[in-house]
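Undergrad: Pasting in a structure now, in structure tokens, and then I'll have a few things to ask.
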């Protein structure tokens, strides 16, 4: 089991930010990444659709030998993590917006949250706010258009800069000193956001915390790969569309130049086709 890969999936390309953190934290682990870009973004999909995709992709990754699953998508975590943990036969790690660290670190007691609409309206998000944010004012902003920008590999165009400024500048005006990046796509806007906020705001990106939680879960289940091995393959990258944008972003931001496999992950009552190179 220990030599088998860890599966990581997102609705599209945003989970590459988690893949980056996992590679840094756990360099001896083999990784398989699935971008469900054919159906991205999840932020405007309904609950039943997101649950079905999470389970179908989880089961496909298990069929590929995955020993653990990281649901590297805030929206999929919010909508389906409980059922995934119940139905899938491997450990499942989810992600969630960094409400707790924002509440701890904010000095002004005003924090911004940039996330998808589905995440912001989910019961899981509301529970986080109630548990950790009672004495902090959170300014919650749906990031309409941001996931789509990352999916087309646009991280710094004039249009993206203007869109991000329209979301963030009202938070600054309201006194926010902390900004939660509540979608795994958003850390790829890090440079542009820092240009907008200068040094006035601390950014909360939970990808490192996810990697550390994965390390704990693998260790507690006896699933850690042996350390110090020199034979770890590069991450296997898979996409449910043609994979061109996944290849481009992985190369640009992670330095990964390998091929991307196009995979057909059908609904669970329909046999999936074999993966093929893209």
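The values are calculated or read from the model by the stated rules, or taken from the named source; none is laboratory data. Quick caveat: nothing in here was measured; it's all calculated off a predicted structure. Here the Cβ is made from the backbone with ideal geometry for all residues, glycine too, and neighbour counts use every protein chain on show.
Undergrad: Taking the stretch 33-72, which residues are modelled with pLDDT of 95 or more and assigned to a loop (DSSP other than H, G, I, E, B)?
TA: 36, 64, 65, 66, 67, 72
Undergrad: Collect the residues in the stretch 259-278 that are under 18 Å from residue 234 (Cβ atoms), in a loop (DSSP other than H, G, I, E, B) and modelled with pLDDT under 50, keeping them in residue-number order.
TA: Those that are under 18 Å from residue 234 (Cβ atoms), in a loop (DSSP other than H, G, I, E, B) and modelled with pLDDT under 50: 275, 278.
Undergrad: For residue 231, are the conditions met, namely being over 18 Å from the mean Cα position of the chain (by Cα), more than 26 Å from residue 186 (Cβ to Cβ), surrounded by fewer than 19 Cβ atoms within 10 Å (Cβ to Cβ) and at pLDDT below 95?
TA: Against the criterion (over 18 Å from the mean Cα position of the chain (by Cα), more than 26 Å from residue 186 (Cβ to Cβ), surrounded by fewer than 19 Cβ atoms within 10 Å (Cβ to Cβ) and at pLDDT below 95), residue 231 qualifies.
Undergrad: Something else now. Scan the stretch 166-202 for residues that are within 18 Å of residue 72 (Cα to Cα) and crowded, with 18+ Cβ neighbours inside 10 Å and report the count.
TA: 10
Undergrad: Scan (1) touching a helix residue (DSSP H, G or I) at 6+ places or on another chain (Cβ under 6 Å); (2) outside any strand (DSSP E or B); (3) closer than 27 Å to residue 19 by Cβ; (4) modelled with pLDDT of 95 or more for the single condition residue 112 breaks and write down its number.
TA: Failing condition for residue 112: (2).
Undergrad: So which of 163, 69 is in contact with a helix residue (DSSP H, G or I) (Cβ under 9 Å, 6 or more places away or on another chain), in the same structural domain as residue 265 (by TED's automatic domain parsing) and crowded, with 17+ Cβ neighbours inside 10 Å?
TA: 69
Undergrad: I've got another one for you. Is there any pair linking a residue in the stretch 157-177 that is under 15 Å from residue 198 (Cα atoms) to one that is modelled with pLDDT of 95 or more and loosely packed, with under 15 Cβ neighbours inside 10 Å, with Cβ under 6 Å and at least six apart or on different chains, and which?
TA: Filtered contacts from the stretch 157-177: 175/108; 177/107; 177/108.
Undergrad: Okay, moving on. Can you tell me which residue in the stretch 82-100 is nearest to residue 53 (Cα to Cα), limited to those that are in a helix (DSSP H, G or I) and touching a strand residue (DSSP E or B) at 6+ places or on another chain (Cβ under 6 Å)?
TA: 84
Undergrad: Tell me whether the stretch 115-122 contains one or more residues that are assigned to a loop (DSSP other than H, G, I, E, B) and more than 19 Å from the chain's Cα centre (by Cα).
TA: No, the stretch 115-122 contains no residue that is assigned to a loop (DSSP other than H, G, I, E, B) and more than 19 Å from the chain's Cα centre (by Cα).
Undergrad: Is it the case that some residue within the stretch 87-104 is on the phi < 0 side of the Ramachandran plot, within 15 Å of the chain's Cα centre (by Cα) and without any contact (Cβ under 8 Å) to a residue 60 or more places away in the chain?
TA: Yes, there is a match, as at least one residue in the stretch 87-104 is on the phi < 0 side of the Ramachandran plot, within 15 Å of the chain's Cα centre (by Cα) and without any contact (Cβ under 8 Å) to a residue 60 or more places away in the chain.
Undergrad: Being farther than 23 Å from residue 207 by Cα and touching a strand residue (DSSP E or B) at 6+ places or on another chain (Cβ under 8 Å) is the filter here; which residues of the stretch 41-64 pass it?
TA: 60, 64
Undergrad: Can you confirm whether the stretch 8-19 contains a residue that is part of a loop (DSSP other than H, G, I, E, B), in contact with a helix residue (DSSP H, G or I) (Cβ under 9 Å, 6 or more places away or on another chain), more than 17 Å from residue 248 (Cβ to Cβ) and touching a residue at least 60 places away in the same chain (Cβ under 8 Å)?
TA: Within the stretch 8-19, one or more residues are part of a loop (DSSP other than H, G, I, E, B), in contact with a helix residue (DSSP H, G or I) (Cβ under 9 Å, 6 or more places away or on another chain), more than 17 Å from residue 248 (Cβ to Cβ) and touching a residue at least 60 places away in the same chain (Cβ under 8 Å).
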